[in-house]
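Nothing in this text is a laboratory measurement; each read-out follows from the coordinates by a stated rule. Worth saying up front: this structure is predicted, and the values here are computed from it rather than measured. Quick reminder, even Gly has a Cβ in these numbers, built from the backbone with ideal geometry, and neighbours come from all protein chains shown.
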Amino acid sequence: MLTPPTRRFQLKLGELWSYRELLYFFTWRDIKIRYKQTLFGVAWAVIQPTMMMVVFTVVLGRMAKVDSGDLPYPVFVYAGLLPWTFFANAITNAGNSIVGSQQIITKIYFPRLAIPFAAVGACVVDFAVAFGMLLLLMFWYGVPIGWSILLTPLLLFVVTVAALGVGCLLSALNVAFRDFKYTIPFLVQIWLFATPSVYMVMGDGTAENKNPAQRNVVASDAAAEQADKAPSGMSSDRFDSRVILRLNPMTGIIEFFRAAILGGDLAWSRVLTSTSMVLIVFIVGIVYFRRVESTFADII
Amino acid sequence: MTTAIRVESLSKRFLINRSRPREEYTTLAQTLGEWLTLPFRQLRDGAALGGRTEEFVALDDVTFDVSAGEVVGIIGRNGAGKSTLLKILSEITTPTAGRVELYGRVGSLLEVGTGFHPELTGHENVYLNGSILGMSRSEIERQFDAIVDFAGVYEFLETPVKRYSSGMKVRLAFAVAAHLNPEILLIDEVLAVGDAEFQRKCLGKMSEVATSGRTVVFVSHDMTAVRNLCTRVLRFERGRLVHDDDPSIVINEYLKGIRTGSAFRDLTGPEVERTGSGEARIERIEVCTSLGETSTAVAMGEGLRIRAVIRSRAEVAAASVGIGIFDAMGTRVTGVNSEEAGGPAIRLRAGRQTIVECLLPEMNLMPGTYRINVNLHRATARDALDFVRHAIEFDVIESDVFGTGRAPNRNAVVFLHSRWEVRDASFDPMPGESRAAASAVNV
């Protein structure tokens with residue numbers, strides 16, 4: 001029965017489950033076409049983070065001598081970039097996925113969520129491939145592998161949920177406001193610098209005297225500032241940058257990811273805080289998507 | 001009989017912006033700008049709230065039932081709400097008011113090849129397209145051979161679809177769709193594709209579907225197909241259901257009614273797709289029958305007059321006008337040009353309006369919707385002063401053009417008059433001699 005859309009908040013993930021074959025086919029299509037007519041094919045999944053690792057190793061590791069603790073900087077940075085690359089690619093692809101599927105959306109019904117979900121799903125495969133490279137690097141640099149590496153799937157799941165939330169939100173916004181097509185690359189770049197994937201947060205403390213509202217307003221500025229300061233050591237001796245870092249749900253997860261794989265303190269409380277933030281992001285993203293999806297075919 | 005589809009006071013309204021063409025995307029800055037200036041604009045407009053947006057009613061309080069096994073045709077002019085109805089029935093868009101009940105699995109075919117990906121092979125696309133259309137993987141596996149067989153693309157199964165000819169692509173796409181087995185099938189104009197032989201195959205498949213006891217809702221401009229396939233026809237006009245009866249009754253009335261109505265278009269708006277130097281502009285375009293009645297519809301074989309009103313900013317000593325005619329699929333059918341046809345040179349004076357009229361004495365186009373592009377250019381030069389894409393549409397409607405009560409075969413774009421002779425061969429000289437003799441006579 002079809003009636004006018006109601007304004008209830010709902011996730012309706014069950015419907016997506018009943019369309020899981022379609023979700024599978026979309027994911028499979030996204031993976032298949034990603035590296036069609038490329039020379040290196042799926043090797044790009046490794047090349048991308050590896051090249052970034054090389055760049056950051058030269059710029060930050062060698063020239064700026066960013067502290068990476070006891071770990072060799074390349075391994076340190078690769079372990080941070082791995083979940084980050086996954087997250088960044090996933091939100092970029094998901095964010096553009098609905099607009100890119102305009103043709104299907106105006107011609108046939110299926111749960112629209114399948115599109116951004118599939119875009120994120122396809123990136124999981126890249127992550128898995130690139131993860132193999134991480135193991136090789138660890139072997140090369142002689143970094144011991146601990147039991148906590150078994151937490152990887154769990155963390156991957158949390159990052160996936162985060163990417164789904166952000167990706168769905170961006171994809172839905174992109175339908176109504178094409179501005180987001182241009183905003184997403186900036187967002188990803190700023191977010192990269194606001195995430196300790198290529199550096200580490202030193203001496204953690206919480207900010208006392210900045211009020212929250214102000215923080216939110218200056219978030220992007222501060223992050224850009226952060227980017228400027230990046231070469232000078234990232235020691236975060238000024239409180240404001242650390243506030244941004246802690247507000248960013250990716251911070252706890254990426255730190256935890258690195259610690260779980262390369263060894264280090266497992267900051268459970270922080271990762272749980274981040275996870276709950278991720279859940280909120282996910283729910284906000286999906287609810288917004290659900291609320292506007294019925295208009296997609298009309299305004300896309 | 002059991003009900004398959006129940007539609008109750010269904011309405012769909014869109015908000016359209018009067019000052020901005022609808023196709024333009026909204027950007028955040030625009031929206032923010034509007035929010036910021038809204039109070040001032042309201043102040044200026046004397047608080048005429050909602051004055052800026054206009055409601056467009058695509059469907060207006062539509063109610064009907066379809067019983068299981070019925071094949072219902074939906075006809076109406078462009079913008080009558082046919083496609084909107086189909087989009088609501090297939091859940092692509094939601095109604096503004098009213099409700100729809102569907103009893104049974106719904107399959108919709110609003111376009112063939114929805115979701116085909118050019119980089120994937122034919123084999124892969126069958127699976128992808130099948131699952132988008134709502135088939136399960138096991139169903140596709142079971143039907144795979146039949147699909148490939150129907151499409152006749154066996155040798156190219158492992159070739160990316162981007163290397164397919166457009167005919168092959170369409171055949172494969174239709175083959176997948178034809179093997180969809182829903183209880184309720186919604187179809188929009190899909191027959192207007194492929195070559196003649198394949199269209200026949202599709203029509204065959206369609207009537208097979210239609211007689212198999214499935215419920216079919218079929219939107220089309222193709223009156224012959226509707227007449228042949230449907231058991232009942234609904235006619236829509238401006239979003240309302242205006243006629244619901246036997247196919248021949250509804251169709252005949254529709255063809256009578258379609259011949260009146262305004263058939264001009266103002267081309268000064270910003271939504272008009274145009275290129276050219278802009279020294280002169282086509283401001284208005286009008287079509288009418290050769291008898292002078294303004295109408296968007298012309299019967300097969302009848303004449304069509306196309307009138308363009310041009311305003312020039314510069315002096316142009318000699319201009320000419322070209323008119324390209326395109327079918328609904330966007331294929332160029334033919335074109336005419338005043339210069340090539342030996343028509344009078346068109347002199348444009350600065351600041352003055354000029355009317356150029358073109359008469360096509362006999363439309364030997366098959367029924368359907370056609371669009372025209374108009375190109376105003378300097379005589380002997382090709383670069384346009386003004387070129388308007390999709391300036392206006394006109395319909396060619398069925399008529400007994402040969403006076404025999406038989407319409408020409410649908411699978412064509414044009415029809416030709418023909419004369420036939422039959423002789424007894426034994427009274428005729430040898431074929432070779434006959435040709436020589438004939439040419440001798442002609443000379």
At what distance in nm do the modelled label points of B:Ile249 and A:Val59 sit from each other, each positioned 7 Å from its Cα along Cα→Cβ? 7.6 nm
Compute for region B:365-420: radius of gyration divided by Kirkwood radius, i.e. Rg/Rh, restricted to C-alpha atoms, rounded to two decimals. 1.18
Find out how many positive minus negative residues lie around B:Leu348, taking Lys and Arg as positive, Asp and Glu as negative, among other residues whose Cβ is under 13 Å from that of B:Leu348. +3
Once phi is turned into θ = phi - 60°, what whole-Hz ³J(HN,Hα) does the Karplus curve with 6.51, -1.76 and 1.60 give for every residue of region B:228-233, x standing for Gly and Pro? 6, 9, 8, 9, 7, 10
Quick one: which residues, 5+ away or cross-chain, put their amide H under 5 Å from the amide H of B:Arg313? H built at 1.01 Å from N. B:Ala280, B:Arg281, B:Gly351
Exposure proxy ranking, count of Cβ atoms within 10 Å, fewest first, for B:Ser426, B:Ser165: B:Ser426, B:Ser165
Rounded, prolate or oblate: which fits region B:200-357, taking a ≥ b ≥ c as square roots of the Cα gyration tensor eigenvalues, rounded meaning a/c under 1.5, else prolate when a/b beats b/c? prolate
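Rounded to the nearest 20 Debye, what is the dipole magnitude of region B:52-96 about its Cα centre when Lys and Arg each give +1 and Asp and Glu each give -1 at the C-beta?
The calculation lands at about 240 debye.
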Can you check what the Kirkwood hydrodynamic radius comes to for region B:67-131, Cα pairs only, in Å to one decimal? 14.5 Å
Sequence of A:Phe186, A:Phe86, B:Phe156, B:Phe264 once ranked by neighbouring C-beta atoms within 10 Å, starting from the fewest: A:Phe186, B:Phe264, B:Phe156, A:Phe86
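Which net charge results when you count Lys and Arg as +1 and Asp and Glu as -1 among the other residues whose beta-carbon is under 10 Å from that of B:Ser320?
With Lys, Arg at +1 and Asp, Glu at -1, the net is -1.
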With label points built 7 Å along Cα→Cβ from the Cα atoms of B:Thr331 and B:Ala29, find their separation and express it in nm. 4.4 nm
Residue-by-residue Karplus 3J(HN,Hα) for region A:281-286, coefficients 6.51, -1.76, 1.60, Hz, glycine and proline x: 4, 4, 5, 4, x, 5
For region A:7-89, compute Rh as the Kirkwood radius over C-alpha pairs and then the Stokes-Einstein diffusion coefficient at 25 °C and 0.890 mPa s; write the answer in µm²/s, rounded to an integer. 154 µm²/s
Peptide A:26-38, shielding by other chains (average Cβ, 10 Å cutoff): 3
What size of dipole, in debye to the nearest 20, comes out for region B:114-187 about its Cα centre when the only charges are +1 on Lys and Arg C-beta atoms and -1 on Asp and Glu C-beta atoms? 240 debye
Taking beta carbons within 10 Å but only from partner chains, what does the mean come to for residues A:106-115? 5
Run the paramagnetic zone check for A:Gln103: 7 angstrom along Cα to Cβ, then residues of region B:95-114 with backbone nitrogen under 15 Å. B:110-114
Using unit Cβ charges (K, R positive; D, E negative) and no other charged atoms, how large, in debye to the nearest 20, is the dipole of region A:90-211 about its Cα centre? 440 debye
Add +1 for every Lys or Arg and -1 for every Asp or Glu among the other residues with Cβ under 10 Å from the Cβ of B:Glu111, and state the total. -1
Nonlocal amide H pairs with B:Arg232, under 5 Å, H built at 1.01 Å: B:Val71, B:Gly73
Based on the mean of other Cβ atoms within 10 Å per residue, sort peptides A:38-48, B:114-124 so the most packed one is first. B:114-124, A:38-48
Cut-off 14 Å, label 7 Å out along Cα→Cβ of A:Trp140, residues of region A:41-69 by amide N: A:46-58
Inter-label distance, nm, simple model (7 Å from Cα along the C-beta direction), B:Glu155/B:Ala341: 4.4 nm
